[in-house]
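The values are calculated or read from the model by the stated rules, or taken from the named source; none is laboratory data. In this text, all values refer to a predicted model and were calculated from it rather than measured experimentally. Cβ placement follows ideal geometry from the backbone for every residue including glycine, while neighbour counts extend to all protein chains displayed. Heavy atoms of the whole protein, side chains included, go into the accessibility calculation; ligands, DNA and RNA do not. Shrake-Rupley method; radii C 1.70, N 1.55, O 1.52, S 1.80 Å.
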Amino acid sequence: MTINEIQDELISDFELFDEWESKYEYIIDLAKQFPPLEEQYKTEENIIKGCQSRVWLNAYMESDLLKFEADSDAIIVRGLVSMLVKVLSGHTPEEIASADLYFMERIGLHQHLAQTRSNGLAAMLKQMKAYGIAYQAKSVNQ
Amino acid sequence: MSPNSIIWVGYFSKIALMKTSLDIASIRNDFPILNEVINGKQLVYFDNAATTQKPRLVLDALSGYYEHYNANIHRGIHHLAEKATAAFEQTRKRMQSFVNAEFSEEIIFTYGTTDGINLVASTYGRKFLKEGDEVIISTMEHHSNIVPWQMLCEEKGCILKVIPIDDNGDLLMDEYEKLLTERTKFVSVVHVSNSLGTINPIKEIIEKAHAVGAKVLIDGAQASSHFHIDVQDLGCDFYALSLHKIYGPTGLGILYGKKDLLNAMPPYRGGGEMIKEVTFEKTTYNELPYKFEAGTPNIADVVAAKYALDYVDTLGKSNIATYENGLLKYATEAVSEIEGLKIIGKAKNKVSVLSFVIDGIHHQDIGVLLDQQGIAVRTGHHCTQPLMNRFNITGTSRASFAVYNTTEEIDLLIKGLHKVKRMLG
Ligand SMILES: Cc1ncc(COP(=O)(O)O)c(C=O)c1O
């Protein structure tokens, strides 16, 4: 599936919920199903410091595709992190670097990407794109 | 419109207040923001330790100033300039009586508590502290009463000492006494902790510091909205506070300092207003308080701040304290029923700040899910990271109450917390 197809799927999943409670319960469920990042990757280097919650992001290449694993110590952020990983992980660096992420806005969760939320999510997204750009440059140079 | 309209607004508002005393419903009506609807629910605002909301009286004073007598002060001789200058200086007098300073020139307008502390560290500290001297702060300081002293100590080769606390969040006064020596040159402690609510025994702290010849600054950011401040009775050398925490405008504070000390201190910032005469060879400085007020000050907010102080004094600080203590007691008992919830900060003397953690739940999740229910609390380290480290936590959720809060709102918080627990359980 393309990045946009995954985004559209998430948007339609969330259309089922008309109340904040069911929406957040779903995010909490996503967090619970999301595999935790192995301790060895929870390094200083992989940490994205938000003001309140911590987010870890690990990136690696696997047969031309850029993959992400991530985690957070706060549940809701973890659920949101799992969505970002679901949407962006496993695509080419070019696709990731140029992706237009609209699903958070459409689901009505864009406030979590605002910097004032200081949860590290905006910084994480920026970092994912930066990985995309970096690996893109690497493959061009090779 | 008559130029006096602002006075009328204040007048009517005051009559309403006097008639009702602490009629909370009518107090709530004075705060337009309390009608905001957040995520479909009426706002419950429990982040008062971060900043309090502003009564209509203050908002009207702000627009009244801009509509009727905006002018630069201390310079023009035209009507508006005189009127603005008079209003500005009136607030200084009002502030003087609010903290019971001996002289009005002991009141310096600043950007806030942070600015006041930096002023003292950069002027008094730079001039009078030298290598090997010691500065004492406490474990429960806000970053704004840590970092300026660290910067000073780094520059001057001074040593920063920290008063420890016990598990309830009370200062260990024995340990404080042990830290005091003839090397102690400055003590800077918080009157009331923003994270714990602890009211510190600052009078005793000040006396003991003076006994070894040290000067004392009190960070009064959290104290000034809750009870009466009397700097002469306390005997402190400096007292810093922020108006935005006393129902007043943002970005404005005062630094109280003893006159002889302020006179002995070098100026802080250079510029207009703070000078007597400038030539390229030499500048002589203006006298107090202007020596420390370089540039065009925050005139509008200073003018409006007076109305916030009037508001507080009309309600009566002891009435406010009694009511807020009632809210704190109610909330403390109510949250104690919640399984897994632990209160951080159980000092005997506390203001209406309730900080807590819940087993297995990150404070940020609590904040997000309460926000969905229209309840504003503060989560995180509250700019007191060393204090959080002392308790081995990364942060707390903090509900802090002001005079317009109600027990009904606390019930909503409790209901909200149960919902949070259910959702995350
Ligand atoms: C105890 C304490 N000190 C200092 C400050 C800093 O105040 P301001 O940000 O208004 O300078 C605060 C406010 O958060 C505080 O609670």
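Structure summary
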item: Kyte-Doolittle at least -0.5, axis length at least 20 Å by Cα - qualifying DSSP helices, chain B; result: B:5-20, B:299-315, B:317-336, B:407-424
item: Rounded to 10°, Cα long-axis angle of helix A:121-141 versus longest principal axis of chain A; result: 20
item: Carbon plus sulfur fraction of accessible area for chain B, probe 1.4 Å, in percent; result: 52
item: Estimated FRET transfer efficiency (A:GLU105, B:THR407; beta-carbon r; R0 30 Å; 0.05); result: 0.20
item: Rounded accessible area per residue of region A:3-140, 1.4 Å, Å²; result: 49
item: Within chain B, longest stretch clear of exposed trypsin sites (Lys or Arg not before Pro) (DSSP loop, no more than 13 other Cβ within 10 Å); result: B:131-268
item: Estimated FRET transfer efficiency (B:THR279, B:THR250; beta-carbon r; R0 30 Å; 0.05); result: 0.20
item: Virtual spin-label span in nm between B:HIS210 and B:GLU339, 7 Å along Cα→Cβ; result: 5.4
item: Chain A, accessible surface, carbon-and-sulfur percent (1.4 angstrom probe); result: 49
item: Dipole of the protein assembly as shown, positive direction: furthest Cα of B:GLY251, A:LEU30, B:PRO297, with charges on the beta-carbon; result: B:PRO297
item: Acute angle (nearest 10 degrees) that the helix A:20-33 long axis makes with the longest principal axis of chain A, alpha-carbon atoms; result: 40
item: Degrees between helix A:75-88 axis and first principal axis of chain A (Cα, 0 to 90, nearest 10); result: 50
item: Efficiency of FRET between B:GLU287 and B:PHE128 - r from beta-carbon atoms, R0 25 angstrom, step 0.05; result: 0.80
item: Shape of chain B, Cα gyration tensor, a/c cut at 1.5; result: oblate
item: Column: log10 I(q)/I(0), Debye, Cα scatterers of the protein assembly as shown, q = 0.06, 0.09 Å⁻¹; result: -0.37, -0.81
item: Simple label model, 7 Å out from Cα along Cβ direction - A:LYS32 to A:SER139, nm; result: 3.8
item: Selection from B:CYS153, B:ASN263, B:SER26 lying farthest towards where the dipole of chain B points positive, charges on Cβ; result: B:SER26
item: Once the Cα gyration tensor of region B:166-242 is diagonalised, semi-axes √(5λ) in Å; result: 20, 16, 9
item: Longest segment of chain B lacking GluC sites (Glu not before Pro) that sit in a DSSP loop with at most 16 other Cβ atoms within 10 Å; result: B:183-280
item: Full-stretch length increase - B:ASP23, B:GLU154 - with 0.36 nm per residue and alpha-carbon distance subtracted; result: 42.0 nm
item: Interface A:B - total buried accessible surface [probe 1.4 Å, Å², rounded to 100]; result: 1600
item: Occluded residues from region B:351-374, i.e. those whose accessible area drops by 20 Å² or more once the chain is not alone (1.4 Å probe); result: B:HIS362, B:GLN364, B:ASP365, B:VAL368, B:LEU369, B:ASP371, B:GLN372
item: Net dipole in debye of the protein assembly as shown [+1 Lys, Arg Cβ; -1 Asp, Glu Cβ; about Cα centre; nearest 20]; result: 1380
item: Interface residues, region A:9-52 - accessible area loss of 20 Å² or more versus chain alone, probe 1.4 Å; result: A:TRP20, A:GLU21, A:TYR24, A:GLU25, A:ILE28, A:LYS32, A:CYS51, A:GLN52
item: Longest DSSP-loop-exposure-free segment, chymotrypsin sites (Phe, Trp or Tyr not before Pro), chain B, at most 14 other Cβ within 10 Å; result: B:104-279
item: Residues of region B:265-302 with amide N under 19 Å of a point placed 7 Å along Cα→Cβ from B:ASN70; result: B:296-302
item: Cβ-based net charge around B:PRO289, under 11 Å, with every Lys or Arg adding one and every Asp or Glu removing one; result: -3
item: Counted charge near B:THR123, where neighbours are those whose Cβ lies closer than 11 Å (Asp, Glu -1; Lys, Arg +1); result: +4
item: Charge dipole magnitude, Cβ of K and R +1, D and E -1 - chain B, Cα centre, debye nearest 20; result: 340
item: Residues in region A:75-90 occluded by at least 50 Å² - accessible area, probe radius 1.4 Å, against chain by itself; result: A:ILE76
item: Reachable aspartates and glutamates, given that their alpha-carbon falls under 12 Å from the alpha-carbon of B:LYS276 and they are not under 8 places away in the same chain; result: B:GLU287
item: Net dipole in debye of chain A [+1 Lys, Arg Cβ; -1 Asp, Glu Cβ; about Cα centre; nearest 20]; result: 600
item: Two-site label geometry, B:ASN325 and B:LYS259: point separation in nm, points 7 Å out along Cα→Cβ; result: 3.5
item: Shape of region B:364-423, Cα gyration tensor, a/c cut at 1.5; result: oblate
item: Surface per residue (accessible, 1.4 Å probe) for chain B, Å²; result: 41
item: Sum of side-chain charges, B:GLY270 neighbourhood, beta-carbon under 14 Å (Lys, Arg +1; Asp, Glu -1); result: +1
